[in-house]
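First up is the structure itself, then whatever we jot down about it.
None of the figures in this text is laboratory data; all of them are computed from the coordinates on show. Quick caveat, the model's predicted, so the values are computed rather than measured. Note: ideal-geometry Cβ built from the backbone for every residue, glycine included; neighbour counts use all protein chains shown.
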Amino acid sequence: MFPPRCLVAGTLVVVLTIVPALASAAEPAAAGRIKLASGKVFVVRANAVVPAVAGQVLFEADTLRTGPDGRVGITLNDDTRVSLGPGSEARLDQFVYAPAEGRLGLVLKIVHGFVAYVSGRIAKLSPDAVKLETPNAIVGVRGTTLALRVDAQ
């Protein structure tokens, strides 16, 4: 029979080796970065609103909002580029870029405002995996550059 101190120490070793593995598995992967931000630009993440700055990492489910003088440009990990003009809002609903595993997907929901889009590698590898959603339409992308204006509802 083990003395109680050995049992506690053994349990502690098991807990210490499992907890870091669980913590790293729960961290979301970055989807891209803000390349430029001017005027009032915000990132909404998990109900927190923070000012956007160049170099800031973006994640799946982040929302970008620009004020009346705001502009923001982002580059996603597959080299997709998205720019928002003044008074705009867009949410990165899905971003999966794991070509080695055959997992690709991009869904950008444009709530309102002006958005310019330049497709990246996801659109080239799997055009059906890219969708730009607006309140009234879904745009399928086939490797292109486009600009959209979505009026607020």
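What lysines could a cross-link reach from K124, if we take a straight Cα to Cα line under 29 Å and drop same-chain neighbours fewer than 8 places away?
Cα-Cα hits under 29 Å: K35, K109.
Can you sort I110, I138 so the residue with the fewest Cβ neighbours within 10 Å comes first?
Starting with the residue having the fewest Cβ neighbours, the order is I138, I110.
If one puts a single equal scatterer on every Cα of the range 91-153 and applies the Debye formula without solvent, what log₁₀ I(q)/I(0) results at q = 0.11, 0.15, 0.22, 0.30 Å⁻¹?
Cα-only, vacuum Debye calculation for the range 91-153: -0.24, -0.44, -0.86, -1.36.
Once you put a point 7 Å from the Cα of R45 and another 7 Å from the Cα of S126, both along the Cβ direction, what distance in nm separates them?
2.5 nm
Per residue of the range 70-77, what does 6.51 cos²θ - 1.76 cosθ + 1.60 with θ = phi - 60° give for ³J(HN,Hα)? Whole Hz please, x for Gly and Pro, Karplus curve as stated.
In residue order, the calculated couplings are x, 8, 9, x, 10, 10, 8, 5 Hz.
Taking only the alpha-carbon positions of the range 30-150 and ignoring solvent, what does the Debye formula give for the base-10 log of I(q)/I(0) at q = 0.11, 0.19 Å⁻¹?
Reported log10 I(q)/I(0), two decimals: -0.31, -0.96.
In whole Å, how far is the Cα centre of the range 101-153 from that of the range 54-83?
Rounded to whole Å, the Cα centres lie 14 Å apart.
So if we plug the beta-carbon distance of T144 and E101 into 1/(1 + (r/R0)^6) with R0 = 35 Å, what FRET efficiency do we get, rounded to 0.05?
It comes out at approximately 0.85.
Restricting to Cα pairs below 8 Å that are 6+ residues apart, what does the relative contact order work out to for the range 30-150? Please round to a whole percent.
Contact order relative to length: 20 percent.
What FRET efficiency would be calculated for the residue pair F59, D151, taking the C-beta separation as r and a Förster radius of 22 Å, to the nearest 0.05?
0.20
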